[in-house]
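The values are calculated or read from the model by the stated rules, or taken from the named source; none is laboratory data. All of these numbers come straight from a predicted model, not from anything done at the bench. Ideal geometry is used to build each Cβ from the backbone, glycine not excepted, and the neighbour counts take in all protein chains shown. Accessible surface is based on the protein model in full, side chains and every heavy atom, while ligands, DNA and RNA are left aside. Shrake-Rupley method; radii C 1.70, N 1.55, O 1.52, S 1.80 Å.
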Protein chains: 2
Amino acid sequence: MPKVSKKGLLMPASPIRKLVPYADVAKKQGVKVYHLNIGQPDLETPKQFWDKLKSLEMKVLEYAPSNGIESYRKKFAGYYNNIGIAVDASNFMITEGASEALSFGMLSCLDENDEIIIPEPMYANYIGFATVGKINVKPIPTSIENGFALPPIEDFEKAITAKTKAILICNPNNPTGYLYSKEELLVLREICLKHDLFLFVDEVYREFLYGGKTFFSALNLEGMNEHVIVFDSISKRFSACGARIGAIVTRNKEVLASALKFGQARLSPNSLGQIAGENLFDLGADYYNGIVAEYQKRRDVLIEGLNKIPGVFCPNPGGAFYAVTSLPVKDTDEFCQWMLEKFSYENATVMMAPASGFYSTTASGKNQVRIAYVLNVDDLKAAIKCLEEGLREYASFKSDALVN
Amino acid sequence: MPKVSKKGLLMPASPIRKLVPYADVAKKQGVKVYHLNIGQPDLETPKQFWDKLKSLEMKVLEYAPSNGIESYRKKFAGYYNNIGIAVDASNFMITEGASEALSFGMLSCLDENDEIIIPEPMYANYIGFATVGKINVKPIPTSIENGFALPPIEDFEKAITAKTKAILICNPNNPTGYLYSKEELLVLREICLKHDLFLFVDEVYREFLYGGKTFFSALNLEGMNEHVIVFDSISKRFSACGARIGAIVTRNKEVLASALKFGQARLSPNSLGQIAGENLFDLGADYYNGIVAEYQKRRDVLIEGLNKIPGVFCPNPGGAFYAVTSLPVKDTDEFCQWMLEKFSYENATVMMAPASGFYSTTASGKNQVRIAYVLNVDDLKAAIKCLEEGLREYASFKSDALVN
């Protein structure tokens, strides 16, 4: 019998999805599962999207151009111009979600054994995309105590070798919710210019900012036109995760030309998501203010609720809709599985993403989980209560599983 | 300025799409371009697909499961059962077109420097997918004289090394239209069992059979459950290329488990294509008979028309909707570009895919092109006439470009 590849074995299972079979069993037993594991917003996909689908007068669902439908790219560029970023349709390559954008970006800029520096905890799938290209992820630890802020420049300098080709951050951050400041981006600019590195920035959460904070896009860093590659998506911004429409945004024409060849091999990004998605860029301040207000309310409920639970510490995130929190358990992989397999409170349980999968160094973050606050306030409160009860029950008979 | 990767430079541009900029210029100058370059059917996407989109009552466009929506996989399995292939929903992983299926299949089964044997000319993007994983494509030449039939078993035996992990065929074939017989598949079975190789079969054109020919699926080869990986798509079968919905179909659970991890990294295949596509599996014999009759008519017009042009030879394909034809020119890359840049006849020209991109050995097939017969009979006739005039004009002033 022929064997699967070493790469196939090495490929990490998603920490966000690997517990799905346990959740499925719980649901089949009639237990309600609060999904805090996945960044799947519960907010409605705007009416403009559905209206466009319903009004389609097409006869043939054709391939799109490999770099995306031109009218979509133009509208997308218009949205960028509105938020003060000077790009045009030629700076975009449309992809199947930010996932494919990140994948093409890495493959276009890094070869086997090249290194990409990423502060950790990091979005787990970055490790998967790097594994495809046999690219080495070099993590730089950040700390829960200071809210996962950018590590000092010396940490980057120490990590850089002759094989380093890029630094990647997610801003605002998935999984931590940390919002990088302009000053922090200027630090990254300095390092990238000094060492001639690409600066990859995943900005899919750029509209999700709380407490009056403002966002500084890497595309507005001076003198970095050839260095900055931004990854974007309509998934979170418009609650359209299933559309799978993302983008590479850069002024580096060589990178776009290279990415286009990877894009031609897969022919095109799906047409329906682009055709219906185009309308979403007409949404104005009212829309964005509405979703931000809703998520801010959720964030406040979550952070306050978590920090009230004995032994739990969660910093207050400035953006996105995630938080990484520590729990008073030794191994959240075990605990999260236990919550699904063995525990329920008022016939409900909570699914979370163990943070170990967001660390590329083994054994880091074993007592942390990522929580996505994509539920309404009432469900979120019930989920926090459920987590609190779960922690209590887990401690009562599994004292060896506790930290300290 | 940071440099793109070697892989990015090595990645082949699509021979199907690389001439697009020249076609765009011709169109802007008011010249009609007959697209014979790309397998984009002109037939209507069935009403069932559009009806489903128009009747959607969803509120949130959510991620699908990483291996695809269960109801879609069940209906898809039902279609397989109807054509005599015993599989169920658990044998499917839904992907973004067959492109992603092939990509995940290769990455799941082959490591860097492993070898995959593919008869050539081959679908150009196989080379691209292999490049991503640094997998070596070992071509086995087939010959236009015998219609690109499977080469003798000795040719495979000679090509197999310790690094060989898989054989890949496309059946019926893109680009040649060749339909492999049951006997030929039994030859491949013998080789794969003897050398413990995966047998990858791209069966996206399995419904497109002409002259009363029948199709034998690799999934029905005995004793090959662990070896056979089939790639499929709704793109061609239902004229839904822009939906980007394909699949890996296999009984090898390890391969599916590995592919699922690549799938989890990109989260999910797009939801809309699956939701609307599900309805297409209800289409019966009437639908299939209708499209086959139409394509057979086109094939007959094309092959007769081509072989009447002096110096042109095109074998008669048994399936799919492509043909590889030789032309009386030395270099079809130059000729195809010239047709778009410099030539028009009755204010029209023809876009074809130079065959060089379908050969992984340099300098093979330089006098061949791939033609997709995806135009109605009238347009096809006009396109053939236009090609004939183009060849005449090209020969008249470019006699050094002629073969002999």
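Which fully enclosed helices (runs of 4 or more DSSP H) of the range B:266-352 have 2 or more residues being surrounded by fewer than 20 Cβ atoms within 10 Å (Cβ to Cβ) and either small (Gly, Ala, Ser) or touching a helix residue (DSSP H, G or I) at 6+ places or on another chain (Cβ under 7 Å) (or both)? Steps first, answer last, please.
Values: elements: B:271-277, B:285-308, B:332-341.
Where helices (runs of 4 or more DSSP H) fall fully within the range B:266-352 and carry at least 2 residues being surrounded by fewer than 20 Cβ atoms within 10 Å (Cβ to Cβ) and either small (Gly, Ala, Ser) or touching a helix residue (DSSP H, G or I) at 6+ places or on another chain (Cβ under 7 Å) (or both), they are B:285-308, B:332-341.
Output the number of the condition that residue B:161 fails; it satisfies all remaining conditions of (1) closer than 14 Å to residue B:137 by Cβ; (2) not in a loop (DSSP other than H, G, I, E, B).
Condition (2) is where residue B:161 drops out.
Against the definition (at the interface with chain A (Cβ under 7 Å from one of its Cβ atoms) and open to solvent by less than 70 Å² (accessible area, probe 1.4 Å)), how does residue B:8 come out, yes or no?
Working: at the interface with chain A (Cβ under 7 Å from one of its Cβ atoms): yes; open to solvent by less than 70 Å² (accessible area, probe 1.4 Å): yes.
So residue B:8 fits the description; yes.
How do the pairs read when you match residues in the range B:132-160 that are in contact (Cβ under 8 Å) with a residue 60 or more places away in the chain and open to solvent by less than 40 Å² (accessible area, probe 1.4 Å) with residues anywhere that are among the basic types (Lys, Arg) and not in a loop (DSSP other than H, G, I, E, B), using Cβ under 8 Å and keeping only pairs 6 or more apart or on different chains?
Close Cβ pairs (under 8 Å, with a partner that is among the basic types (Lys, Arg) and not in a loop (DSSP other than H, G, I, E, B)) amount to B:132/B:7.
I'm trying to understand the selection: among the residues of the range B:54-96, which are within 14 Å of chain A (Cβ to nearest Cβ) and of a type in the set (Val, Ile, Thr)?
B:60, B:69, B:94, B:95
Going through A:344, A:356, A:364, A:360 one at a time, which residue ends up being touching a residue at least 12 places away in the same chain (Cβ under 8 Å), over 27 Å from residue A:128 (Cα atoms) and among the hydroxyl-bearing types (Ser, Thr, Tyr)? Can you show your working first?
Working: A:356 fails: over 27 Å from residue A:128 (Cα atoms); A:364 fails: over 27 Å from residue A:128 (Cα atoms); A:360 fails: over 27 Å from residue A:128 (Cα atoms).
It is A:344.
In the range B:234-265, what count of residues is obtained for those that are under 14 Å from residue B:198 (Cβ atoms), within 7 Å of chain A (Cβ to nearest Cβ) and not aliphatic (A, V, I, L, M)?
2
Taking the options B:179, B:186, name whichever one is assigned to a helix (DSSP H, G or I) and more than 17 Å from residue B:116 (Cα to Cα). Let's see the steps before the verdict.
Numbers: B:179 fails: assigned to a helix (DSSP H, G or I).
Checking each option against the conditions leaves just B:186.
Is there a residue in the range B:208-227 that is basic (Lys, Arg) and assigned to a helix (DSSP H, G or I)? Working first, answer last.
Restricting attention to the range B:208-227, the residues satisfying the condition of being basic (Lys, Arg) are B:213.
With the extra rule that they be assigned to a helix (DSSP H, G or I), the set shrinks to none.
Checked the range B:208-227: no residue is basic (Lys, Arg) and assigned to a helix (DSSP H, G or I).
Kindly check whether there is at least one residue in the range B:132-143 that is of a type in the set (Val, Ile, Thr), part of a strand (DSSP E or B) and not assigned by TED's automatic domain parsing to the domain that holds residue B:322. Walk me through how you get there before you give the answer.
Narrowing the range B:132-143 to residues of a type in the set (Val, Ile, Thr): B:132, B:135, B:137, B:140, B:142.
Subset that is part of a strand (DSSP E or B): B:137, B:140.
Keeping just the survivors that are not assigned by TED's automatic domain parsing to the domain that holds residue B:322 gives B:137, B:140.
Yes, the range B:132-143 contains at least one residue that is of a type in the set (Val, Ile, Thr), part of a strand (DSSP E or B) and not assigned by TED's automatic domain parsing to the domain that holds residue B:322.
Checking the structure you have, find out if any residue of the range A:164-173 is surrounded by fewer than 18 Cβ atoms within 10 Å (Cβ to Cβ) and outside any helix (DSSP H, G or I). Give the derivation first.
Within the range A:164-173, the first condition is being surrounded by fewer than 18 Cβ atoms within 10 Å (Cβ to Cβ), and the residues that meet it are none.
No; the residues of the range A:164-173 include none that is surrounded by fewer than 18 Cβ atoms within 10 Å (Cβ to Cβ) and outside any helix (DSSP H, G or I).
Which residues, counting only those in the range A:13-23, are at the interface with chain B (Cβ under 7 Å from one of its Cβ atoms) and not hydroxyl-bearing (Ser, Thr, Tyr)? Step through it out loud before you land on a result.
Step one: filter the range A:13-23 for residues at the interface with chain B (Cβ under 7 Å from one of its Cβ atoms), giving A:13-14, A:17.
Hits for the range A:13-23 are A:13, A:17.
Which condition from (1) touching a helix residue (DSSP H, G or I) at 6+ places or on another chain (Cβ under 7 Å); (2) under 20 Å from residue A:258 (Cα atoms); (3) open to solvent by less than 10 Å² (accessible area, probe 1.4 Å) is the one that residue A:208 breaks?
If we test residue A:208 against (1) touching a helix residue (DSSP H, G or I) at 6+ places or on another chain (Cβ under 7 Å); (2) under 20 Å from residue A:258 (Cα atoms); (3) open to solvent by less than 10 Å² (accessible area, probe 1.4 Å), just (2) comes out false.
From A:272, A:306, which residue is farther than 21 Å from residue A:99 by Cβ and not basic (Lys, Arg)?
Details: A:272 fails: farther than 21 Å from residue A:99 by Cβ.
One residue alone meets the criteria, A:306.
Using beta carbons and a limit of 6 Å, which pairs, at least six apart or on different chains, have the first residue in the range A:81-105 and closer than 18 Å to residue A:235 by Cα and part of a strand (DSSP E or B) and the second one among the aromatic types (Phe, Trp, Tyr) and open to solvent by less than 10 Å² (accessible area, probe 1.4 Å)?
A:92/A:76
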